[in-house]
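Data block below; observations after.
The values are calculated or read from the model by the stated rules, or taken from the named source; none is laboratory data. This structure is a prediction, so every number in the text was calculated from the model and none was measured. Cβ placement follows ideal geometry from the backbone for every residue including glycine, while neighbour counts extend to all protein chains displayed.
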């Protein structure tokens, strides 16, 4: 009896290892669809994603890489709609975005929330004008 119990435990352990190994490395590192992930931004990324400074980025249901791509596209839409002070009023990469701003004449801070089905991308930025 002891041998069969040990054998079953070994088989169960091997099966669980095979199940873990069959998941691709990319799938293991992607955020889960239902959890929000705060994306790390290097100093270079903060300054080169479009606005003067991107101060935060969080995603839900998508990757940080896709979130950064959306930030760049949203900035491009803003610039094409009136320069640094422009606002984007169209769908960007399938996302509908809403922006709120506060600031002074030479600089403003903004919070942007973008939604595409269950996917969410939120970012904040500072724009010098």
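Out of the residues in the stretch 54-73 meeting the condition of being touching a strand residue (DSSP E or B) at 6+ places or on another chain (Cβ under 6 Å) and surrounded by fewer than 18 Cβ atoms within 10 Å (Cβ to Cβ), tell me which one is nearest to residue 37 (Cα to Cα).
Initial filter on the stretch 54-73 (touching a strand residue (DSSP E or B) at 6+ places or on another chain (Cβ under 6 Å)): 54-62, 67, 70-71, 73.
So of that shortlist, the ones also surrounded by fewer than 18 Cβ atoms within 10 Å (Cβ to Cβ) come out as 55-56, 58, 73.
On the way: 55: 15, 56: 11, 58: 5, 73: 20 Å.
My answer is 58.
Going residue by residue through the stretch 27-39, is there one that turns out to be closer than 27 Å to residue 129 by Cβ, modelled with pLDDT of 95 or more and in contact with a strand residue (DSSP E or B) (Cβ under 6 Å, 6 or more places away or on another chain)?
Taking every residue of the stretch 27-39 in turn, at least one turns out to be closer than 27 Å to residue 129 by Cβ, modelled with pLDDT of 95 or more and in contact with a strand residue (DSSP E or B) (Cβ under 6 Å, 6 or more places away or on another chain).
Residue-by-condition table, conditions (1) without any contact (Cβ under 8 Å) to a residue 12 or more places away in the chain; (2) over 22 Å from residue 47 (Cβ atoms); (3) touching a helix residue (DSSP H, G or I) at 6+ places or on another chain (Cβ under 7 Å); (4) assigned to a helix (DSSP H, G or I):
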{"position": "70", "(1), (2), (3), (4)": "no, no, no, yes"}
{"position": "74", "(1), (2), (3), (4)": "no, no, no, yes"}
{"position": "77", "(1), (2), (3), (4)": "no, no, no, yes"}
{"position": "90", "(1), (2), (3), (4)": "no, yes, yes, no"}
{"position": "96", "(1), (2), (3), (4)": "no, yes, no, no"}
{"position": "112", "(1), (2), (3), (4)": "no, no, yes, no"}
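Looking at the stretch 115-126, is at least one residue modelled with pLDDT of 95 or more, farther than 22 Å from residue 35 by Cβ, in contact with a strand residue (DSSP E or B) (Cβ under 9 Å, 6 or more places away or on another chain) and assigned to a strand (DSSP E or B)?
yes
So how many residues does the stretch 74-89 have that are within 18 Å of the chain's Cα centre (by Cα) and surrounded by 15 or more Cβ atoms within 10 Å (Cβ to Cβ)?
2
Check whether at least one residue in the stretch 2-25 is at negative phi, surrounded by 15 or more Cβ atoms within 10 Å (Cβ to Cβ) and either modelled with pLDDT of 95 or more or in a helix (DSSP H, G or I) (or both), and report yes or no.
Scanning the stretch 2-25, I find no residue that is at negative phi, surrounded by 15 or more Cβ atoms within 10 Å (Cβ to Cβ) and either modelled with pLDDT of 95 or more or in a helix (DSSP H, G or I) (or both), so the answer is no.
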